[in-house]
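Read-outs: derived from the displayed coordinates by stated rules, not from any lab. Here the structure is a predicted model, which is why all the values come from computation and not from measurement. Note that we place each Cβ from the backbone using ideal geometry, even for glycine, and neighbour counts take in every protein chain shown.
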Amino acid sequence: MSIDYFISILIPMLEGARATVLLFLIAIIVSIPLGFLLTLIVRSSIKPLAYLANTYIYLMRGTPLLLQLLFIVFGLPLIPVIGEYLVLDRFTAACLGFILNYAAYFAEIFRGGLLAIDKGQFEAAKVLGLNRWQTMRKVVFPQMFRIALPAVANESVTLVKDTALLYAVAVPELLHFAQTAVNRDFTITPFLLAGVIYLIITLCLTLFFKWLERRLRFD
Amino acid sequence: MPILKVENIKKSFGPLEVLKQISFEVNKNDVIAVIGPSGSGKSTMLRSLVHLEELDGGSISVNGNYIVKDGIYSKPQQLKEITSEMGMVFQHFNLFPHLTVVENLELAPKLLKKGSAEQTRELSMELLSKVGLSDKADVLPSKLSGGQKQRVAIARALMRKPEVLLFDEPTSALDPELTGEVLRVMKDLAQEDMTMVVVTHEMEFAKEVANKAIFMDKGEIVESGSPVDLLSNPQMERTKAFLYRTLSK
């Protein structure tokens, strides 16, 4: 196999990897704060809101991400009357699907982090005169994020791999270009190359989170 | 007039009555040792003084201001002001693990905007030196021993300059060789006329430092009086049985 061939498939695949990384970044940057917001709503004292948020989380975690993507990309435009206004650019639609889905998972992760905080922390804050919001902001959330970090890291690696689902809604990304090259050239190399690129991305991510965990260590 | 007045407080957890009509008073400069078997309600009693437990009935007042009067609590803002006269030290320290020692001390004063940053720093360093931990100011709690953590917790409670300091079994979570350093700090405070209510199993400390002891069992005050009398010459059967069990261990 020539170097020239290798480069000829590498370039479109790196192009595809760019879409993969872009989707990953958009999804994670929006879904983490959104998930955090959901956690707050689930715990809020406004019961109907909490109930809605719980239902949302259940729906998102209880159905396949692939179904949700197909629903947003191909399903929404089929809705009578309003459907024609719901035709989104495919990449945008896919981002939306990932954000909505992952926010639910992050909400559950943060909820777990909240539950892990000792009730003595709340009591100490109360006795020191902090109000509810001060307690959350200065005592609870910093600990919650730290506790949730390993689970967030894990979920992020899953997100990188889930971007391959874009293949199903025909958004050109890493796997799409690999598959095209395999079909065209009848060689296994593009699959191996795709695997290596995914590994490099997840390795960077893992190293980043390990660094963050060390930096924020307090136990 | 007593600083703290507790009248007929009651509390139940379901069918279990943990506090049955408890009354006592705390005068200025008192050091009161509260002793009794586990499950006697002494921690619940102490925690109710700073509204960590909600009472079903009775009254608690600080300098004549009612936290709760005949089972009815004051408005939240008022409640907060009155309980701010009291500091609390917990069995498990409850330091904030993500903050350094000095940040633990300064978090509340800074958030509540009590004094300037310089004043707060001056006070926190003074209190750390008082508990012998000046060199640990910038260390995270996880790097401290249990005894050091509890001394930080005491310094943190003193930041508000409380009129009464409450201790909920401050040495029960410590290894025996670390209780001494905490008891020493508490003894220093007593000598500086700090008013304290201490739930404790340390009989020697009660005898040596407290001026009054209260024995609780099954949600009631069975007996109270001078620590030496109560511990050496108890009048009630239940007190005798408890002391016999404790001292024969």
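Projected onto their three principal axes, the Cα atoms of the protein assembly as shown cover extents of 98, 52, 48 Å, largest first. Every pair of different Cα atoms in the range B:1-128 enters the Kirkwood calculation, which places the hydrodynamic radius at 16.5 Å.
Going from the residue with the fewest nearby Cβ atoms within 10 Å to the one with the most, B:228, B:197 rank B:228, B:197.
In order along the range B:220-232, phi translates into HN-Hα couplings of 10, 7, 7, 7, 8, x, 5, x, 5, 4, 5, 7, 9 Hz, rounded to whole numbers, per the Karplus curve 6.51 cos²θ - 1.76 cosθ + 1.60 with θ = phi - 60° and x for Gly and Pro.
Shape summary of the range A:133-219, radius of gyration then Dmax from alpha carbon positions: 18.6, 62 Å.
Using just the C-alpha positions of the range A:1-116 as equal point scatterers, what log10 of I(q)/I(0) does the Debye formula give at each q in 0.10, 0.13, 0.17 1/Å? Values returned for q = 0.10, 0.13, 0.17 Å⁻¹ are -0.43, -0.64, -0.91.
Estimated from helices alone, the mean residue ellipticity of the protein assembly as shown at 222 nm is -17500 deg cm²/dmol (sum of -39500 (n - 2.57) over DSSP H runs with n ≥ 4, per residue). FRET efficiency for the residue A:25 to residue B:75 pair, using the beta carbon distance and R₀ = 41 Å, is estimated at 0.25. Between the helical axis of B:117-130 and the longest alpha-carbon principal axis of chain B there is an angle of about 60 degrees. Kirkwood analysis of the range B:135-249, using all unique Cα-Cα pairs, places the hydrodynamic radius at 15.6 Å.
Applying a threshold of 29 Å to the alpha-carbon distances of B:130/B:212; B:10/B:187; B:11/B:113; A:138/B:161; A:119/B:75 flags B:10/B:187; B:11/B:113 as lying beyond it. Within the listed set B:111, B:166, B:123, the Gaussian network model of chain B (springs between alpha-carbon atoms below 10 Å) gives the highest mean-square fluctuation for B:111. Around the Cα centre of the range B:1-106, unit charges on the Cβ atoms of Lys, Arg, Asp and Glu (plus for the first two, minus for the last two) sum to a dipole of about 220 debye. Going by neighbour counts of Cβ atoms within 10 Å, the residues B:240, A:138 line up, fewest first, as B:240, A:138. R0 = 60 Å: FRET efficiency of residue A:210 with residue B:28, Cβ-based, nearest 0.05? The computed FRET efficiency comes out at 0.60. Once the Cα atoms of helix A:141-162 and of chain A are each reduced to a long axis, what angle between those two axes, in degrees from 0 to 90 to the nearest 10, is obtained? Orientation of helix A:141-162: about 20 degrees from the principal axis. By the compact-protein rule of thumb, 2.2 N^0.38 Å, the alpha-carbon radius of gyration of chain A corresponds to a ratio of 1.23. Put in order of Cβ neighbour count within 10 Å, fewest first, the listed residues B:30, B:138, B:56 become B:138, B:56, B:30. Between helix B:101-111 and chain B there is an angle of about 90 degrees, using the helix long axis and the longest principal axis of the Cα atoms. Amide H contacts of residue B:223: B:215, each under 5 Å away and 5 or more positions distant or on a separate chain (H built 1.01 Å from N in the peptide plane; Pro and chain starts excluded). Using the Cβ-Cβ distance between residue A:18 and residue B:177 with R0 = 51 Å, the FRET efficiency computed as 1/(1 + (r/R0)^6) comes to roughly 0.25. Applied to the range B:14-27, the Karplus parametrisation 6.51 cos²θ - 1.76 cosθ + 1.60 on θ = phi - 60° returns per-residue 3J(HN,Hα) values of x, x, 8, 7, 8, 10, 10, 6, 8, 9, 6, 10, 10, 9 Hz, with x for Gly and Pro.
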